[in-house]
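Novice: My questions all concern the structure below.
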Amino acid sequence: MKLPATKLQQRARTKYITVKEFQEQYSLSKAQAYRILAMPEMQEAKIKVGEKGIRIDLDRAFEIMQQIFA
């Protein structure tokens, strides 16, 4: 975990998106999106909302996917 360079970066809110937005962002099918999100590496990019809902930290998911698929 890297420290923020400024207080502005420290206070920046994390952008969480729905699975549908995630799949549209990367042109994935619904099955592909859920398969990627089920990977153990992606746990830190996901949060649960309610009983079934999932939201994804877009920036963190992008970093993890770069490491996995590079």
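Novice: Go through (1) open to solvent by less than 70 Å² (accessible area, probe 1.4 Å); (2) touching a residue at least 40 places away in the same chain (Cβ under 8 Å) and name the single condition Asp59 misses.
Specialist: (1) is the only condition that Asp59 fails.
Novice: Any residue at all in the range 28-38 that is part of a helix (DSSP H, G or I), over 20 Å from Ile68 (Cβ atoms) and modelled with pLDDT of 90 or more?
Specialist: Applying the first criterion (part of a helix (DSSP H, G or I)) to the range 28-38 yields 30-37.
Those left that are additionally over 20 Å from Ile68 (Cβ atoms): none.
There is no residue in the range 28-38 that is part of a helix (DSSP H, G or I), over 20 Å from Ile68 (Cβ atoms) and modelled with pLDDT of 90 or more.
Novice: Right, here's the next one. Scan the range 39-70 residue by residue and report those that are closer than 15 Å to Ile17 by Cβ and either hydroxyl-bearing (Ser, Thr, Tyr) or part of a loop (DSSP other than H, G, I, E, B) (or both).
Specialist: none
The values are calculated or read from the model by the stated rules, or taken from the named source; none is laboratory data. For clarity, every value in this text was computed on a predicted model and none was experimentally measured. Because the Cβ atoms are built from the backbone with ideal geometry, glycine has one as well, and the counts that use them run over all protein chains shown. Only protein heavy atoms, including side chains, enter the accessible area calculation; ligands, DNA and RNA are left aside. Shrake-Rupley method; radii C 1.70, N 1.55, O 1.52, S 1.80 Å.
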